[in-house]
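Visitor: Structure below; questions to follow.
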Amino acid sequence: MAKAAKETETVSTESKSKLDVVTGEICPVCSQKSLALTEREQEIPYFGKVFLFSMTCNGCKFHKADVECAETRESVRYSVEVSGSDDMGIRIVKSGQATVKVPYVANIEPGEASNGYVTNVEGLLQRIKKQIEVIRDTEEDQDAVQKAKSLIKKINRCVWGEEKLKIIIEDPSGNSAIISDKAAVQKLAGKASAAAEE
Ligand SMILES: [Zn+2]
């Protein structure tokens, strides 16, 4: 379906979404009345309606965001091979409960500090790159710094379409997706064992 790919490129329809904001709430971290809560609805073509939530404190800079599908969904595992600059626009929905694996590069683990968001392949790679840049800039171990530098190069080459990377997203809550005809979708195996690992 070439149609799907075309549509995903024109998905800057965020203006259509409704935004609710509540300010002056009590921050769970610093206890000041400086927390802003937002809730936004977004219709994602070839996927459905999602709700985006965020908490941001103007005082201590605490920030948490997540995404939830309007429909209840099954646990899922998506994988896609990113093999050119055209693939950078593939839409990604990642919830706070998702594990993102980019083999030979990095993993994003779920947890308290894990945010949920709607992005695309390039946006996801840029987020991973930023985390690796922190290692490059703060790590004292020279081997780790070198490794970080080569991973950043690898990500850049992928963004420029010079190298292939695989992206896997596993989400027991089902609130994540890689929206592309190229993506393989299956039910996430071992849902029970994943829950028992806590
Ligand atoms: Zn705060």
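The values are calculated or read from the model by the stated rules, or taken from the named source; none is laboratory data. These numbers were taken from a predicted model, which means no experiment stands behind them. Note that we place each Cβ from the backbone using ideal geometry, even for glycine, and neighbour counts take in every protein chain shown.
Visitor: For region 18-50, name all the residues that are away from the ligand (no atom under 16 Å from the Cβ) and within 16 Å of residue 96 (Cβ to Cβ).
Guide: Start the filter on region 18-50 by keeping residues that are away from the ligand (no atom under 16 Å from the Cβ), which leaves 18-21, 39-50.
Hits for region 18-50 are 39, 40, 50.
Visitor: Moving on. Starting from region 150-161, keep only residues that are closer than 15 Å to residue 136 by Cα, then list their pairs with residues that are aromatic (Phe, Trp, Tyr) whose Cβ atoms are within a distance under 9 Å, requiring at least 6 positions of separation or different chains.
Guide: These pairs meet every condition: 151/104; 154/104.
Visitor: Moving to a separate point now. For region 51-79, enumerate the residues that are within 16 Å of the ligand (Cβ to nearest atom), in contact (Cβ under 8 Å) with a residue 40 or more places away in the chain and either in contact with a Pro (Cβ under 8 Å, 6 or more places away or on another chain) or among the aliphatic types (A, V, I, L, M) (or both).
Guide: Quick first cut of region 51-79, residues within 16 Å of the ligand (Cβ to nearest atom) only: 54-65.
Subsequent filtering for residues that are in contact (Cβ under 8 Å) with a residue 40 or more places away in the chain retains 63-65.
Result: 65, single match.
Matching residues to (1) modelled with pLDDT under 95; (2) loosely packed, with under 13 Cβ neighbours inside 10 Å; (3) assigned to a strand (DSSP E or B); (4) at negative phi:
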| position | (1), (2), (3), (4) |
| --- | --- |
| 96 | no, no, no, yes |
| 124 | no, no, no, yes |
| 143 | no, yes, no, yes |
| 192 | yes, yes, no, yes |
